[in-house]
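The values are calculated or read from the model by the stated rules, or taken from the named source; none is laboratory data. Note that the structure is a prediction, hence the values are computed from the model and not measured. Backbone-built Cβ (ideal geometry, glycine too); neighbour counts: all protein chains shown.
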């Protein structure tokens, strides 16, 4: 969890993207019990099954298939963790969570992986920032609002999140600004931004947020005391 009083240092967009490019697969888990013990800050991605979550992760990390992007929504059914850090060090984790809202799967399977997602968001101690992906053309749906309600207690405790309005290239400039204004009014304590993997809209800005969240969540360095 972030310390609300601690500000992370600024970072340039290219430097933040360079950090995200270090992403490498760590593990996949069907539930919380099989995840590694909490350690580095975890930055999670969640959204409806057709919102472009995998494409967003792949664009940010500059890896074409780090997160599996499929023409069939709903392929992410477990929690996938990716380690971030230079020279083999791990200073943060990306968490790719199961999507929600896709109907063309057996009901029992859908209920299971949506419960996995909810358990992670509510219970995982290391969660330090959340990216909620939403198709800019459709805005927040009933399920998106339910997710925001689920997250409200953690947001009230200081956990940051941003609503990334994906596929913004499908909208005109005026339509995009209108969608953004509506999202900012309804994002319940978080922020909202336009995002397009195709045109690069919001890519550097989102990378900077992730870097800053990870730094703000780190324990403060102990002060050094010089001996006279």
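Got a sec? Which of 176, 139, 129, 188 is under 20 Å from residue 48 (Cα atoms), outside any helix (DSSP H, G or I) and touching a strand residue (DSSP E or B) at 6+ places or on another chain (Cβ under 7 Å)?
Working: 176 fails: outside any helix (DSSP H, G or I); 139 fails: touching a strand residue (DSSP E or B) at 6+ places or on another chain (Cβ under 7 Å); 188 fails: touching a strand residue (DSSP E or B) at 6+ places or on another chain (Cβ under 7 Å).
Step by step, each of 176, 139, 129, 188 is checked, and only 129 is under 20 Å from residue 48 (Cα atoms), outside any helix (DSSP H, G or I) and touching a strand residue (DSSP E or B) at 6+ places or on another chain (Cβ under 7 Å).
Filtering region 60-81 down to residues that are buried (at least 23 other Cβ atoms within 10 Å of the Cβ) and modelled with pLDDT of 85 or more, which residue is nearest to the chain's Cα centre (by Cα)?
60
Working only within region 6-38, note down all residues that are surrounded by fewer than 16 Cβ atoms within 10 Å (Cβ to Cβ), touching a helix residue (DSSP H, G or I) at 6+ places or on another chain (Cβ under 9 Å) and in a helix (DSSP H, G or I).
Scanning region 6-38 gives 13, 14, 15, 18, 32.
Does region 157-189 hold any residues that are touching a residue at least 60 places away in the same chain (Cβ under 8 Å) and buried (at least 19 other Cβ atoms within 10 Å of the Cβ), and which are they? Don't jump to the end; show me each part of the working.
Of all residues in region 157-189, those touching a residue at least 60 places away in the same chain (Cβ under 8 Å) come to 157-160, 164, 166-167.
159, 160, 164, 166, 167, listed by residue number.
Only one residue in 147, 133 is out of contact with any helix residue (DSSP H, G or I) (no Cβ under 6 Å at 6 or more places or on another chain), buried (at least 21 other Cβ atoms within 10 Å of the Cβ), closer than 14 Å to residue 44 by Cα and touching a residue at least 12 places away in the same chain (Cβ under 8 Å). Which one?
The unique qualifying residue is 147.
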